[in-house]
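Taking it in order: structure first as C-alpha cells, then the write-up.
The values are calculated or read from the model by the stated rules, or taken from the named source; none is laboratory data. This is a predicted model, so every value here is computed, not measured. Quick reminder, even Gly has a Cβ in these numbers, built from the backbone with ideal geometry, and neighbours come from all protein chains shown. The area values use the complete protein model at the heavy-atom level, side chains included, leaving out ligands, DNA and RNA. Shrake-Rupley method; radii C 1.70, N 1.55, O 1.52, S 1.80 Å.
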Protein chains: 2
Amino acid sequence: MTRLAGSSKLLRAMNESALLELLLERGSLTRGELRELTGLSKPTVSDVLRRLTAAGLAVQVGQTSGGRGPNAEIYAANPAAGHAAAISIRETADTPRAMISTALCDLTGAVVAQAEASVDFGTEAGPAEVVATAVERLCREADIVPGQVQQVEIGLPGSYDPASRTIRHIDVPGWGRRGLIDDLAKRLDTTVTVENDVNLAAIAERSRGIAGDCDSFALVWFGEGLGLAIDLGGALIRGARGGAGEIGYIPVGLDQDARRTDLQDLLGGSAVLALASQHGLTDAATAASALASAAEAAVTSNADGANGTTGEAAGGRAAFLGALAARIAWALAGIAAIVDPALIVLGGELARAGGPLLADRVSAALRTISPLDTTIAVTGVSGDPVLLGALDSALRAVRNTLLTNLKNEVRAA
Amino acid sequence: MTRLAGSSKLLRAMNESALLELLLERGSLTRGELRELTGLSKPTVSDVLRRLTAAGLAVQVGQTSGGRGPNAEIYAANPAAGHAAAISIRETADTPRAMISTALCDLTGAVVAQAEASVDFGTEAGPAEVVATAVERLCREADIVPGQVQQVEIGLPGSYDPASRTIRHIDVPGWGRRGLIDDLAKRLDTTVTVENDVNLAAIAERSRGIAGDCDSFALVWFGEGLGLAIDLGGALIRGARGGAGEIGYIPVGLDQDARRTDLQDLLGGSAVLALASQHGLTDAATAASALASAAEAAVTSNADGANGTTGEAAGGRAAFLGALAARIAWALAGIAAIVDPALIVLGGELARAGGPLLADRVSAALRTISPLDTTIAVTGVSGDPVLLGALDSALRAVRNTLLTNLKNEVRAA
DNA sequence: CAAATAGAAAGTAAGACTGACTTACAATTC
DNA sequence: GAATTGTAAGTCAGTCTTACTTTCTATTTG
C-alpha cells in the first residue's frame with residue numbers, strides 16, 4: 001500500500017468516508033457520538049453529515065430523548081443508497097435439476113426480498129437468463145429498479161478463473177460457458193462476481209456463525225465433495241489459480257497399491273456412505289442420515305444404556321462414528337500443521353448431522369495425532385450459509401465501492 | 001482498518017510520510033520526480049522536503065546534470081536516521097556449539113558491519129549477554145552508538161510465544177528461559193523481536209531470491225528438521241499459536257503399523273540419510289552430501305553415459321534421487337492443495353545440494369499426483385538466508401516505525 | 001403541587017488557522 | 001532563446017476555536 005498524498009480535498013473525502021463507514025458499521029449514531037469516534041470538531045461533523053445527507057448517503061432516522069438538553073438527532077446510512085443481491089446455485093443429489101436460492105438486501109443489510117426455485121439448466125434458458133430473471137423478480141418484490149443493485153454475487157460449487165473468463169470445476173449444465181459472467185453483467189448492468197460456495201460459507205461463519213471473533217479459522221465442508229476455506233483475519237485464501245482448499249486431491253498412502261487413494265476417496269460423500277455400510281448401517285440413503293442415526297444411537301445409549309437396539313448394531317454405530325472421526329482428524333492434522341488456525345469448523349450436511357458429538361470425537365482423535373490442540377466445532381450458521389455468505393460478501397463490496405467512490409471523486413473534481 | 005479522519009495536520013503528516021516512503025523505496029529522487037509520483041504541487045514538495053531534511057530524515061545527495069535548465073537537486077532518505085540489526089542463531093550438526101551470525105545495516109539497507117562466531121551457550125554467559133555484546137561490537141565497527149539501533153531481529157529454529165514471553169521449540173541451551181527477550185530489550189534499550197528461521201528465509205527469498213514477483217509462495221526447508229513458511233502477498237502465515245508450518249507432525253499412513261509415522265520420519269535429515277544408505281550410498285556423512293553425489297552422478301551419466309562408476313552404483317543413486325523426489329512431491333501435494341501457492345521453493349542444505357535437477361524431479365513427481373501444476377524451484381538466495389531475511393525484516397520494521405511516527409506526532413502536537 | 005430557575009447538552013455562526021494550490025518570476029543551463 | 005528548476009506572493013479549501021442560542025431536565029421555591 002502506497003501512502004497517499006493530497007490536499008484539503010483529500011481530507012474532506014477522508015472525513016466523509018470515515019463518517020459513512022462508522023454509520024454503516026454501527027447502524028445509527030448521533031453527531032456527538034460521531035465527534036467522539038472520529039475526533040473531529042462539532043462544526044465539522046455537522047458539515048460532513050450535511051454533505052452525506054445531500055448526496056443521499058445518510059439520513060436522519062430519529063432523535064434521542066430523556067437526556068438533559070435538546071434531543072440529539074440520530075443519523076444512519078441511507079438504506080436505499082445501495083443494494084446487493086446474492087445467488088446460490090446448488091446441485092441436488094436426487095434429481096438432475098439444480099436449486100437456485102436468491103436474496104436481496106439494502107445497504108444496511110436488511111433482507112428485502114428472497115426466493116428459492118428448482119431449475120433444470122439443461123433444458124431451460126441459459127444460466128445468464130435464469131439469473132437475470134431471478135434478480136429482476138427480486139427487484140420487483142422489493143420495489144426497486146435493477147439499476148439500484150450494485151453487486152450480484154453468485155455462489156456455486158466451482159471457482160471463477162478471471163484469466164479465461166470461465167467458471168471451473170462446475171458440473172451444473174451450461175455454467176461452464178466462456179463469457180457467461182460477462183454477458184450477465186452486461187445484461188444486468190452491474191458488477192457480477194462468482195465465488196466458491198465453501199468460501200462463502202466461511203464468510204457467513206465469521207459474520208453470523210461461530211467464528212466471529214477468531215483471528216483465523218478453517219472451514220472444512222463435507223458434502224459429496226470435500227471442501228476447505230481458510231480465513232486469516234477476515235481474508236480468504238484463494239490460491240494462485242483459485243485452487244486453494246481443493247483438499248480432495250491430497251494423496252493418502254504412499255502408492256503401496258497400484259491404485260492411489262486421495263482424501264476424496266476417504267471422506268467424500270459416497271466414501272462415508274460406504275464406511276457406514278461397512279459398519280452395518282446399510283439402510284441409510286445418504287452419509288448424513290447414516291451419521292445422524294449413529295449419533296442419535298450414541299446419545300441414547302449414553303443416556304440409558306442399550307434400549308431396543310441390539311448390542312451388535314449399537315456397537316457398529318459407535319464404531320462407525322469412531323472410524324469417521326479418526327478419518328476426519330487425520331485430514332485436519334495436515335491443515336492444522338500447515339496453517340495452525342485458531343479454530344476448525346466442520347460444515348456441510350454431514351457435520352450438521354454429526355453435531356457437537358462429532359466435533360468432540362474428532363477433537364479427541366486429533367489430539368492423539370497433532371501436538372496443537374486446535375479447537376473443533378460444528379458450524380454455527382443457521383439458514384443457508386452459502387446464500388448468507390454471498391449476501392455478506394456482496395454487501396461488503398457495495399459498501400466498499402461507496403466508500404472508495406467518495407475518495408475517488410477527489411480526482412474527478 | 002478504520003478509515004481515519006482529521007484536519008490539516010493529518011494532511012501534513014500524510015504527505016511527509018508519503019514522500020519519505022518514496023525516498024526509502026526508490027533510493028533517490030528529484031523534487032520533480034516526487035511531484036509526479038505524489039501529485040503534489042512544486043511548492044508543497046519543497047515544503048515537505050524542507051521539513052524532512054530539518055528533521056534529519058532526508059538529505060540532499062547530489063544534483064542532476066546534462067539536462068536543459070538548472071540542475072535539479074537529488075534527495076534521499078538519510079541513511080543515519082535509523083539502523084537495524086540481525087542475529088541468526090544456528091545449531092551446528094557436529095559440535096554442541098552454536099553459530100551466531102550478526103549484521104547491521106543503515107536505513108537505506110546498506111550493510112555497515114557484519115560478524116560470525118561460534119558460541120557455546122551452555123558454558124558461556126547467558127544468551128542475552130552474548131547477543132548484547134555482539135550488537136555492541138557491530139555498533140563499534142560501524143561507529144554508531146547502540147541507541148541508534150531501533151530494532152534487533154533474532155532468527156532461530158523455534159518460535160516466540162508472546163503470551164508466555166518465552167521461545168518455544170528451541171534446542172540451543174539457555175534460550176528457553178522465560179523473559180529472556182525482555183531482558184535483552186531492556187539491556188539494549190531497543191525493540192527486540194524473535195522470528196522463526198524458515199520464515200526469515202522466506203522473507204529473504206522474496207526480497208533477494210527467486211520469489212520476488214510472486215503473489216504467493218511456500219518455502220519448504222530441508223534441514224535436520226522439516227520447515228515450511230507460507231508467504232501470501234508478502235505477509236507470512238504464523239498461525240494462531242505460531243505453529244503454522246510445523247509440517248514435521250503431519251501424519252503419514254493411516255496407522256497401519258502400531259508405530260505411527262509422520263513427515264519428519266519421511267523427510268527429516270536422518271530419514272533422508274537412511275534412504276540414501278538403503279540405495280547403496282553408505283559413505284555420505286549427511287543427507288546433503290549423499291544427494292550432492294547422487295545429483296552429480298545423474299548429471300554425469302546424462303552427459304556421457306556410465307563412466308567409471310559401476311552401473312549398479314549409478315542405478316542406486318538414480319533410484320535414491322527418484323525416491324527422494326517422490327517423497328518430497330508427496331509432501332508438497334498437501335501444501336499445494338491447501339494453499340495453492342504460485343511457487344514452491346525448496347530450501348536448506350539438502351535443496352542446495354539437489355539443485356535444479358532435484359526441482360525438476362520433484363516437479364515431475366508432483367504432476368503425477370496433483371492436478372495443480374505448481375512451479376517448483378530451488379532457493380535463489382545466495383548467502384545466509386536467515387540472516388538476510390532477519391535484516392530485511394528488521395529494516396522494514398525500522399522504516400515503518402519512522403513512517404508511522406510521522407503520523408502519530410499529529411496527536412502529540 | 002405547580003411554577004420558576006439553574007444547569008447541561010445540541011447545534012450554529014463567525015472568524016482564525018493551517019496547509020496546499022495557482023500564478024508569476026528569477027535563475028540556470030543547453 | 002528555450003526549457004527547466006526552484007521560490008515568492010497571494011488565494012482557496014477545510015477544519016478548528018470560541019461564543020452564543022436553543023432546548024430539555026432537574027431542582028428549588030412558593
Degrees, to the nearest 10: B:8-26 long Cα axis against longest axis of chain B = 50
ask   = Of B:Asn71, B:Asn196, B:Asn400, which has the largest mean-square fluctuation in a 10 Å C-alpha GNM of chain B?
value = B:Asn71
note = For B:Thr261, the residues 5 or more places away or on another chain with a placed amide H closer than 5 Å to its own amide H are B:Val252, B:Asp255
message = Could you give the length gained by full extension between A:Arg68 and A:Thr404, i.e. 0.36 nm per residue of separation minus their alpha carbon distance, to one decimal place?
response = 117.2 nm
inquiry  = Suppose only helical runs count, i.e. DSSP H with n ≥ 4. What mean residue ellipticity at 222 nm does that imply for the protein assembly as shown under -39500 (n - 2.57) per run, divided by all residues and rounded to the nearest 500 deg cm²/dmol?
reply    = -15000 deg cm²/dmol
message = What is the percent carbon and sulfur in the accessible area of chain B, measuring with a 1.4 Å probe over the protein chains and ignoring ligands?
response = 49
query = Measuring from label point to label point, each 7 Å out along Cα→Cβ, what is the B:Gln148 to A:Thr191 span in nm?
reply = 4.8
inquiry  = Test of understanding: in a Gaussian network model of chain B with alpha carbons linked when under 10 Å, which of B:Ile74, B:Ile167, B:Ile335 would top the mean-square fluctuation ranking?
reply    = B:Ile74
remark   = Straight-line reach check, B:Lys42, cutoff 25 Å on alpha carbons, 8 or more apart in-chain or any other chain, hits among lysines -> A:Lys9, A:Lys407, B:Lys9, B:Lys407
ask   = Got the A:Gly39 label distances to the other copies yet, label 7 Å along Cα→Cβ, in nm, shortest first?
value = 2.3
task = Using only Cα atoms, locate the centre of region B:202-244 and the centre of region A:49-119, then give the distance between them in Å, rounded to an integer.
result = 41
Rg ratio (alpha-carbon, reference 2.2 N^0.38 Å) - the protein assembly as shown = 1.07
ask   = Going by average Cβ neighbours within 10 Å, how do the peptides A:33-42, A:390-399 rank, with the highest at the top?
value = A:390-399, A:33-42
inquiry  = Under a crude label model (7 Å from the Cα following the beta-carbon direction), how far is A:Ser277 from A:Ser118 in nanometres?
reply    = 2.4
note = Nearest 10, in degrees from 0 to 90: the angle of helix B:269-278 to the longest Cα principal axis of chain B is 30
inquiry  = What do you get for trypsin sites (Lys or Arg not before Pro) in region A:69-172 restricted to DSSP loop and a cutoff of at most 16 other Cβ within 10 Å of the site's Cβ?
reply    = A:Arg165
request  = Go through region A:78-89 residue by residue and turn each phi into a ³J(HN,Hα) via Karplus (6.51, -1.76, 1.60, θ = phi - 60°); whole Hz please, and just put x for glycine and proline.
outcome  = 6, x, 7, 6, x, 9, 10, 10, 10, 10, 10, 9
ask   = Along each of its three principal axes, how wide is the spread of alpha-carbon positions in chain A, in whole angstrom units, largest first?
value = 77, 54, 43
query = Sorted from shortest, what are the nm distances separating the label point of B:Arg26 from equivalent points in the other copies, each placed 7 Å from Cα along Cα to C-beta?
reply = 4.0
22 Å tail of the calculated P(r), region A:210-380, as % of Cα pairs = 44
message = Starting from the 7 Å offset along Cα-to-Cβ, what nm value, one decimal, do you get for the label separation of A:Thr375 and A:Asp360?
response = 1.8
task = On a 0 to 90° scale, report how tilted helix A:349-369 is relative to the longest principal axis of chain A, with both axes built from alpha carbons and the result rounded to the nearest 10.
result = 70
task = Can you figure out the FRET efficiency of B:Arg51 with B:Thr2, using R₀ = 41 Å and their beta-carbon distance, to the nearest 0.05?
result = 0.95
request  = Would you mind giving the mean number of other chain beta-carbons within 10 Å of the Cβ of each residue in A:10-19, as a whole number?
outcome  = 4
inquiry  = Give me Rg/Rg_expected for region A:73-218, where Rg uses Cα atoms only and Rg_expected = 2.2 N^0.38 Å with N residues.
reply    = 1.10
ask   = Nearest 0.05, what FRET efficiency do B:Ala318 and B:Thr261 give at R0 = 25 Å with Cβ-Cβ as r?
value = 0.50
key: Accessible surface buried once B binds A (1.4 Å probe; total of both sides; Å²)   = 4700
query = Quick one: length gained pulling B:Thr300 to B:Glu25 fully straight, 0.36 nm per residue minus the C-alpha distance?
reply = 94.5 nm
task = Could you state how much accessible area B:Val145 has, in square angstrom rounded to the nearest 10, with a 1.4 Å probe and all protein chains kept in place?
result = 90
inquiry  = Please report, for B:Gly383, the nm distances (one decimal) from its label point, 7 Å out from Cα along the beta-carbon direction, to the equivalent points in the remaining copies, shortest first.
reply    = 5.5
